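The next block holds one structure in the form of structure tokens; read it before the comments.
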């Protein structure tokens, strides 16, 4: 049953995104380096969920769900100095 849930998603990734490049992003990587590795994000998020409520953080989202349902979340979050503070990957069940 669990496998069926995880296979039922409509994740759309930004054009240049790859899982292997996402896994290579490290804390301290600059915005320009992330852009070179992953390309342009789908959107830039500053909501409390993405930023964990930390002031000055912005998160580049490399995925979304056109139907607003189950999808693979991929975020790269930058601190106020423009370097990666953390990455976030999870499967969102809606």
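The values are calculated or read from the model by the stated rules, or taken from the named source; none is laboratory data. Predicted model, so just to flag it, every value in this text is computed and none were measured. All Cβ positions, glycine included, derive from the backbone under ideal geometry; neighbour counts span all protein chains shown.
The table below lists the values:
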| read-out | value |
| --- | --- |
| Residues located in region 52-94, provided they are part of a loop (DSSP other than H, G, I, E, B), over 19 Å from residue 9 (Cβ atoms) and touching a helix residue (DSSP H, G or I) at 6+ places or on another chain (Cβ under 7 Å) | 57, 82 |
| Residues (in contact (Cβ under 8 Å) with a residue 12 or more places away in the chain and in a loop (DSSP other than H, G, I, E, B)) located in region 26-51 | 26, 27, 28, 29, 39, 40, 41, 42, 46 |
| Failed item in (1) over 14 Å from residue 87 (Cβ atoms); (2) crowded, with 16+ Cβ neighbours inside 10 Å, with residue 34 passing the rest | (1) |
| Condition met for residue 31 (modelled with pLDDT of 95 or more, more than 22 Å from residue 12 (Cβ to Cβ) and in contact with a strand residue (DSSP E or B) (Cβ under 7 Å, 6 or more places away or on another chain)) | yes |
| Residue satisfying condition, being at positive phi, more than 11 Å from the chain's Cα centre (by Cα) and at pLDDT below 95, within set 10, 68 | 68 |
| Failed item in (1) in a helix (DSSP H, G or I); (2) modelled with pLDDT of 95 or more; (3) exposed (fewer than 13 other Cβ atoms within 10 Å of the Cβ), with residue 4 passing the rest | (2) |
| Candidate set from region 75-94 (those that are over 13 Å from the mean Cα position of the chain (by Cα) and at pLDDT below 95); member that is surrounded by the most Cβ atoms within 10 Å (Cβ to Cβ) | 93 |
